[in-house]
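What follows is calculated from the coordinates using simple rules that are stated; it is not laboratory data. Nothing here was measured: the structure is a model prediction, and the numbers come from that model. Please note: Cβ atoms are built from the backbone with ideal geometry, for glycine as well, and neighbour counts cover all protein chains shown.
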Amino acid sequence: AQKVTQAQTEISVVEKEDVTLDCVYETRDTTYYLFWYKQPPSGELVFLIRRNSFDEQNEISGRYSWNFQKSTSSFNFTITASQVVDSAVYFCALSEASGNEKLTFGTGTRLTIIP
Amino acid sequence: NAGVTQTPKFRVLKTGQSMTLLCAQDMNHEYMYWYRQDPGMGLRLIHYSVGEGTTAKGEVPDGYNVSRLKKQNFLLGLESAAPSQTSVYFCASRSTWDQPQHFGDGTRLSIL
């Protein structure tokens, strides 16, 4: 069965520090997609990135970068030079080809950026 | 660009009352979902639908019913509200399994 683990429940860093949010997943499928979502204090859920299981290239978008490693079943998210606006709960999620109706979410990591 | 719209945004109920939460999407998505979010629990799937006229149970379906009579709408019903159903409810939709879900802004429901 599919599972997503975000072991870091809460993280606090001082502004401008780099921070990495961990995501480890379990799946028996060879075809799947991984996602990251952001939930700021205002409460809405914002889609950040999608990555398929056949593409292990790292991705960078401004201060955000994602490291996908199939060998360790991880899809980690790094914020460089953190800012107060990055304070949010971040969710990692998995969607499998075989269980294709559902999206399995991790329990989230609450990130607090201290000014 | 409405996307996914949830109504109402807030509601307070008394134990035993019933109500329906409405989710509407204008993206012609096949898949629709209802989640609840409680502190420290992440998002838990209540019910979902893979197309008009179809529904299926998620991981926490007890006490809830759903209907998808029209492709664009997904209704979540509480027949007899209980304090344990106090939560924030999110609706989401997506076109296919490999696409991200688009979420509504949530409904904050309190059962007294």
Relative to the Cα centre, what is the charge dipole magnitude of segment B:30-90, using +1 at the beta carbon of each Lys and Arg, -1 at the beta carbon of each Asp and Glu, and rounding to the nearest 20 debye?
140
Averaged over the residues of B:90-97, the number of partner chain Cβ atoms within 10 Å of each residue's own Cβ comes to 3
Looking only at the protein assembly as shown, where both bridge partners belong to it, what percent of the DSSP beta bridges are antiparallel (to the nearest 5)?
90
For the protein assembly as shown, whose charge dipole is built from +1 on Lys and Arg Cβ atoms and -1 on Asp and Glu Cβ atoms, the candidate among B:SER95, B:VAL12, B:GLY40 with its Cα farthest towards the positive end is B:VAL12
Loop trypsin sites (Lys or Arg not before Pro), segment A:18-112, which have at most 16 other Cβ atoms in a 10 Å radius of their Cβ (DSSP)
A:ARG28, A:ARG63
Per residue of A:104-115, what is the mean number of Cβ atoms on other protein chains within 10 angstrom of that residue's Cβ?
2
Within 10 Å of each Cβ in A:51-58, how many Cβ atoms from other chains are there, averaged over the peptide?
0
Computed over the Cα atoms, what is the radius of gyration of chain B divided by 2.2 N^0.38 Å, N being its residue count?
0.99
Counting every Cα pair in segment A:51-115, what percent are over 14 Å apart?
66
Which log10 I(q)/I(0) values does chain A give at q = 0.12, 0.15, 0.16 Å⁻¹ under the Debye formula, counting every alpha carbon as one identical point scatterer?
-0.40, -0.61, -0.70
Over the protein assembly as shown: Kirkwood hydrodynamic radius from C-alpha pairwise inverse distances, Å:
18.2
Chymotrypsin sites (Phe, Trp or Tyr not before Pro) within segment A:30-115: which are DSSP loop residues with at most 12 other Cβ atoms inside 10 Å?
A:PHE54
On the first, second and third principal axes, largest extent first, how far apart are the outermost C-alpha atoms of segment B:1-51 in Å?
35, 23, 20
Multiply the residue separation of A:TYR64 and A:GLU26 by 0.36 nm, subtract the distance between their alpha-carbon atoms, and state the gained length in nm to one decimal.
11.3 nm
